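To start, the structure itself, in structure tokens.
Nothing in this text is a laboratory measurement; each read-out follows from the coordinates by a stated rule. Just so it is clear, the model here is predicted, and its values are computed rather than measured. Here the Cβ positions follow ideal geometry from the backbone for every residue, glycine too, while neighbour counts run over all protein chains shown.
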Amino acid sequence: MKPVLENVCPRFAVPILLLLISLILATTALSDELMAARVVGVSDGDNITVLTPINKQVLIRLYGIDCPEEGQAFGVEAKQFTSGQCFGMTIQYRLMGIDRFDRTIAKVVLEDGRELNLEILKAGFAWHFERYSKRQDYVDAEAEARKAGVGLWADPDPTPPWDWRRERRGKP
């Protein structure tokens, strides 16, 4: 007598493989899609909360930038700048990933077509987070803000938020 599962794997291998490939392609396609939402909260300079058309709240961590924390020099100003750019407005965002805190990492496009992430860098309220982004326009925007001495770059030696957070945790 033949085992029942002997022919199951070959029979289902191709459909399962096709299903997996379809899911991977669908996920890739979704990441290129802009999703619309209304900004209902600004936690700090690089975290916003949006409400989607299906009334789902999504916490967005802005891709490729790191703003000063609220207790840090220029943290309040960074939050105010971000809020002034997008609070209460309908934005579009492109999913770039999910971080370890289950936040949606995204590029945000404002109503007028400008990219919020880039505007924050231009205003001097963020560091380009090179560890996660290699975008040359982000590098250039930070360099221009530094050169102009705007935002946090008015401070001759600003502390990057990742160093500030590490010091607060008491780790060397």
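Pairs of lysines in region 81-172 whose Cα atoms sit within less than 25 Å of one another amount to 6, provided the residues are eight or more positions apart or on different chains. With 0.36 nm allotted per residue and the present C-alpha distance subtracted, the T90-R168 stretch has 24.6 nm of extension available. The order of the peptides 59-72, 76-89 by mean Cβ neighbours within 10 Å, most packed first, is 59-72, 76-89. Straightening the chain between K134 and D155 buys 5.0 nm, computed as 0.36 nm per residue apart minus the Cα-Cα spacing. Quick check for you: which residues of region 79-110 have the amide N under 19 Å from the point 7 Å beyond the Cα of A36 toward its beta carbon? Output list for this probe position: 86-95, 107-110. Between N55 and F101, the simple spin-label model (points 7 angstrom out along Cα→Cβ) gives 2.8 nm. Relative to the compact-globule estimate of 2.2 N^0.38 Å, the Cα radius of gyration of region 58-124 comes out at 1.08. In order along region 33-42, the Karplus-derived 3J(HN,Hα) couplings, from 6.51 cos²θ - 1.76 cosθ + 1.60 at θ = phi - 60°, round to 7, 8, 10, 8, 6, 9, 6, 10, x, 10 Hz, and Gly and Pro are given as x.
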